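The values are calculated or read from the model by the stated rules, or taken from the named source; none is laboratory data. In this text the structure is predicted, and so the values were computed from the model without any measurement. Here Cβ is always computed from backbone atoms with ideal geometry, including for glycine, and neighbour counts include all displayed protein chains.
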Amino acid sequence: MFSYKTYKSIGKALISKKSPYYVQFYINGTCNLKCRQCNIVETNSRVDALSLEEIEVAAWNLEKIGGAIVLLTGGEPFMRKDLPEIVKIFTSKGLNVRLQTAGTHYATDDMLWRCYENGARDINVSVDSLSFSTSDFINSVPGSGKNAIDAIERISNIFRNESAILSFGTVLSQFNYLEIPAILDFAKRIGWFVSLVPVHVAKLDAPRGFRSFDDMFSFRPNQYDYLDDLAKKLVRMKRDGYPLFDSEKFIESSMTFLKGYPPTWRHEGVCDSPNLYFAVRPNGDFTTCCDYSLGDAPSLKNKDFYKDYNSGKVANRPDVNKIVKNCEGCHYGSYPEVTLSVRDYKAFIERTFLVFKSGRNLLRKAQVKSDFVNELESLKREYSDVYPTDQWLTSEIVETLLRWADPKERRSLIKEDTETRKKQGRVRSKGEDYIAYPNS
């Protein structure tokens, strides 16, 4: 599954707790969706993306500092026509590439095949609901929910002979919490994993790079018991063989985070950026994570970046120290899992077993290998207490989804959302860059 360099970097991290074996690289700031629980495109749209030549330098820097796994995300990374060439740049240096996509029409068979031929073996596709109307509303684009399932079927066929981890990226929110077991069941039937991320909602007076301000996604106190029940059920399902990507400690911490408390995964309340992971913005700027942008940031397109990183100059910047020590905490999937894998023995064992379970064997043993949409609809009929979702969603959400189902009302909803984003400063545009760190 992993290259020698990746195993070496992970081994060093286990011993020293200082090996940046996971890096998120936001290769563009453009997307054809307008997901309501995501703000990263609005944050990164003001900076230009690196050229292939500059990405070569960035990859060289990552190799020099001991990087291992690189998540290529966006925006929608498949909107970059040179994505296969970007994949090749990293894999040619022994780095493992993980792709992330919303499964839109930009993820064509040709693009997927070329990425696969250039060494991509991991891919994550956004799936927030098995109800297409809910997915379409969350993504703000009609048809996007079905497009994602179609893309998942095509990816399965292309990656079937040799793959590592194919997973759904599922944001756990008030819109889908009772659907999660069904989503996990569907993933098992087709040979995929489910990777959960608890929804992140910022306050207007404390904006963050990735988080939206849409409180409709947040849980209410009267739903906390459901979260506790869900956590127990997910742990049972994972122990019974269902392909949940997340560790048990991650699940426990997620529920704490969704209730409005600090996450429990961090070591002594401090995150491990940039020692074990960090993020790279489209223009090559280093940042601690997707929630923050730095002024006068170190750039990975600078050939001396590796020197500054290896010497501790990057980690010792005042703004970096301020973030890792004062941030209220996040729960963006791989950051917690990297820390837990390195600092928690049980989570490390879970991760080790996951590596052995993953790959082509999971796909080859899949119960369903074609006609995924039909299988999805059949599964929903088996979960009659969950579908249709209007039997448990809040009245506010049900009313909103009914408006979305009406073409005329849908246009009004989109207009309202656009106006709200303008008032909140969540606008995709060029201009002055967005700089944010705690108490700024």
*Considering each residue of the range 260-282, count those that are in contact with a Leu (Cβ under 7 Å, 6 or more places away or on another chain) and more than 17 Å from L71 (Cβ to Cβ), and give that number.*
1
*asked:* Cβ-Cβ under 9 Å, sequence separation 6+ or interchain: first residue in the range 402-429 and more than 26 Å from T30 (Cβ to Cβ), partner among the aliphatic types (A, V, I, L, M). Which pairs?
replied: R403/L413; E409/L402
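Yes/no per residue for (1) of a type outside the set (D, E); (2) within 24 Å of the chain's Cα centre (by Cα):
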{"residue": "Y309", "(1), (2)": "yes, no"}
{"residue": "C327", "(1), (2)": "yes, yes"}
{"residue": "R343", "(1), (2)": "yes, yes"}
{"residue": "F353", "(1), (2)": "yes, yes"}
{"residue": "K369", "(1), (2)": "yes, no"}
{"residue": "N374", "(1), (2)": "yes, no"}
{"residue": "E377", "(1), (2)": "no, no"}
*Residues K203, K188: which one is of a type outside the set (V, I, T) and without any contact (Cβ under 8 Å) to a residue 40 or more places away in the chain?*
K203
*Is one or more of the residues making up the range 125-140 within 23 Å of L52 (Cβ to Cβ) and in a strand (DSSP E or B)?*
no
_Residue tally, condition in contact (Cβ under 8 Å) with a residue 60 or more places away in the chain, in a helix (DSSP H, G or I) and not small (G, A, S), over the range 141-156_ = 5
_Here's a check for you: in the range 191-237, which residue that is assigned to a loop (DSSP other than H, G, I, E, B) and more than 24 Å from N139 (Cα to Cα) is modelled with the highest pLDDT?_
G191
*Could you list, in sequence order, the residues of the range 1-18 that are farther than 17 Å from L340 by Cα, surrounded by 14 or more Cβ atoms within 10 Å (Cβ to Cβ) and either out of contact with any strand residue (DSSP E or B) (no Cβ under 9 Å at 6 or more places or on another chain) or among the small types (G, A, S) (or both)?*
S3, K8
*Could you check G425 against (1) within 25 Å of the chain's Cα centre (by Cα); (2) at pLDDT 95 or above and say which number it fails?*
(2)
*asked:* Name the single residue that is nearest to F213 (Cα to Cα) among those in the range 105-148 being of a type in the set (D, E, K, R) and modelled with pLDDT under 95.
replied: D122
*Can you find a residue in the range 36-58 that is surrounded by fewer than 18 Cβ atoms within 10 Å (Cβ to Cβ), over 26 Å from A151 (Cβ atoms) and under 22 Å from the mean Cα position of the chain (by Cα)?*
yes
*Is it true that some residue in the range 334-349 is out of contact with any Leu (no Cβ under 8 Å at 6 or more places or on another chain) and more than 27 Å from D122 (Cα to Cα)?*
no
*Taking only pairs six or more apart or across chains, which ones have beta-carbon atoms under 7 Å, a first residue in the range 312-337 that is touching a residue at least 60 places away in the same chain (Cβ under 8 Å) and closer than 20 Å to F210 by Cα, and a second residue that is assigned to a helix (DSSP H, G or I) and among the aromatic types (F, W, Y)?*
H331/F257; P336/F250; E337/F250
_Can you report the number of residues in the range 104-134 which are in contact with a Ser or Thr (Cβ under 7 Å, 6 or more places away or on another chain), closer than 16 Å to C31 by Cα and of a type in the set (G, A, S)?_
1
_Being without any contact (Cβ under 8 Å) to a residue 40 or more places away in the chain, of a type in the set (V, I, T) and either in a helix (DSSP H, G or I) or closer than 26 Å to V171 by Cα (or both) narrows it down to one residue among I89, I10; which is it?_
I89
_Enumeration of residues in the range 113-140 that are farther than 30 Å from T394 by Cβ and in contact (Cβ under 8 Å) with a residue 60 or more places away in the chain_ = R121
*Of all residues in the range 8-26 being of a type outside the set (A, V, I, L, M) and under 20 Å from the mean Cα position of the chain (by Cα), which is farthest from H267 (Cα to Cα)?*
Y26
*Which ones in the range 265-314 are basic (K, R) and crowded, with 24+ Cβ neighbours inside 10 Å?*
R281
